[in-house]
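J.: Here it is, the structure in full.
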Amino acid sequence: MSENDVISNALLILEKRLKEPEAQFTCSNDTKSYLKLKFGELEHETFSLLLLNNQNGLISCQELFRGTIDGAAVYPREVVKVTLAFNAAAVIFTHNHPSGQVQPSAADKAITSRLKSALETVDIRVLDHVIVGGRQTFSFAEHGLL
């Protein structure tokens, strides 16, 4: 079995575990492990949403925007459309930094603020924004940036 097969199997197990009724996404270790496996080794930047129900259970993980090695354009209108289409009550934003550096840039902070404001207008809670870089993560919520 190759390393990619092991990672694929681990993702399937984590997805199954995270979709169980009692699982709640409050940026637990399982959530971070899932995000590191799913996005940590990508060679391009991607911006995704974890769409959550009223009990913070996972509805879906949706990749919305794909970029290059150092950026991805993110459009608040599209984020709002997807959250409404899935009838999400809350979201966790996530994106990766292919460089491995997980400290948020000024642009990361600005888009998080814009997205949070846009979603507040339609009563959707933003629980966190997690940046993944290789095997590391940075949580906006844990660092008081939300």
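The values are calculated or read from the model by the stated rules, or taken from the named source; none is laboratory data. Keep in mind that this is a model prediction, so the values were computed, not measured. Here Cβ is always computed from backbone atoms with ideal geometry, including for glycine, and neighbour counts include all displayed protein chains.
J.: Filter the range 111-128 for residues that are among the β-branched types (V, I, T) and closer than 10 Å to P76 by Cα; which is farthest from the chain's Cα centre (by Cα)?
T.: I111
J.: Also: Limited to the range 125-135, what total is found for residues that are part of a strand (DSSP E or B), in contact (Cβ under 8 Å) with a residue 40 or more places away in the chain and of a type outside the set (D, E, K, R)?
T.: Qualifying residue count for the region: 4.
J.: Among the residues of the range 30-55, what is the count of those that are surrounded by 19 or more Cβ atoms within 10 Å (Cβ to Cβ) and either at positive phi or touching a Phe, Trp or Tyr at 6+ places or on another chain (Cβ under 9 Å) (or both)?
T.: 8
J.: Another one. Checking the condition hydrophobic (A, V, I, L, M, F, W, C), closer than 15 Å to L52 by Cβ and exposed (fewer than 15 other Cβ atoms within 10 Å of the Cβ), which residue from L84, L127, L119 passes?
T.: When all the criteria are applied, what remains is L84.
J.: Separate question: Looking at the range 24-124, what helices (runs of 4 or more DSSP H) fall wholly within it and have at least 1 residues that are modelled with pLDDT of 85 or more, among the hydroxyl-bearing types (S, T, Y) and out of contact with any helix residue (DSSP H, G or I) (no Cβ under 8 Å at 6 or more places or on another chain)?
T.: Once the helices (runs of 4 or more DSSP H) in the range 24-124 are filtered for at least 1 residues that are modelled with pLDDT of 85 or more, among the hydroxyl-bearing types (S, T, Y) and out of contact with any helix residue (DSSP H, G or I) (no Cβ under 8 Å at 6 or more places or on another chain), what remains is 106-120.
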